[in-house]
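So the structure is just underneath, and the comments pick up after that.
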Amino acid sequence: QVQLVESGGGLVQAGGSLRLSCAASGRTFSDYAMGWFRRPPGKEREFVAAISWSGGITSLADSVKGRFTISRDNTKNTVYLQMNSLKPEDTAVYYCARDSGAYGSSSEYEYDRWGQGTQVTVSS
């Protein structure tokens, strides 16, 4: 059974950077698109970024375009979220997830495996 484990969260000042990692178990990591979502305090979970199985297609939420980058290393079964120019409104629990398809979706209903999440807190 596929397990996803996020790491790299923490406390950072506004304007700072963090890189989140999501390590996946199992042999079929490269068959699936992957995504990052987040749940801000008191709000619904929202889409952040997605990447296709090969890494050739990426998509980002408008709120993070120009600041966040998603990438993956299929040799390491790992997907990354590089977050730059962080803002207090980026504070959330960040989750990685496996898309049931190959190209990445912004809808959480397309994702069938989820990590436990990692907390990111951005202070002003």
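The values are calculated or read from the model by the stated rules, or taken from the named source; none is laboratory data. Predicted model only: the values in this text are computed from it and were never measured. Cβ atoms come from the backbone with ideal geometry, glycine included; neighbour counts cover every protein chain shown. Just the protein is used for accessible areas: all its heavy atoms, side chains included, with ligands, DNA and RNA removed. Shrake-Rupley method; radii C 1.70, N 1.55, O 1.52, S 1.80 Å.
Just to verify a number: what accessible area does residue 75 come out at with the full protein assembly present, 1.4 Å probe, Å² rounded to tens?
The value for residue 75 is about 130 Å².
With a 1.4 Å probe and all protein chains kept in place, how do 86, 60 rank by accessible area, largest first?
Reading off the accessible areas and sorting them downward yields 60, 86.
Kindly report the accessible area of the chain per residue (heavy atoms of protein chains, probe 1.4 Å, no ligands, DNA or RNA), in Å².
For the chain, the solvent-accessible area averages 51 Å² per residue.
Under 19 Å between alpha carbons, and skipping anything fewer than 8 positions from residue 43 in its own chain: which lysines qualify?
Within reach: 87.
Over all distinct alpha-carbon pairs, what is the Kirkwood Rh of the chain in angstrom?
14.1 Å
Using the alpha carbons of region 10-50, what is the convex hull volume per residue in cubic angstrom, as a whole number?
In region 10-50, the Cα convex hull volume per residue is 117 Å³.
So how strong a dipole does region 1-122 carry about its Cα centre when Lys and Arg Cβ are +1 and Asp and Glu Cβ are -1, to the nearest 20 debye?
260 debye
Extension gain residue 61-residue 73, at 0.36 nm per residue separation less the Cα-Cα distance, in nm?
Fully extending the segment from residue 61 to residue 73 adds 2.2 nm.
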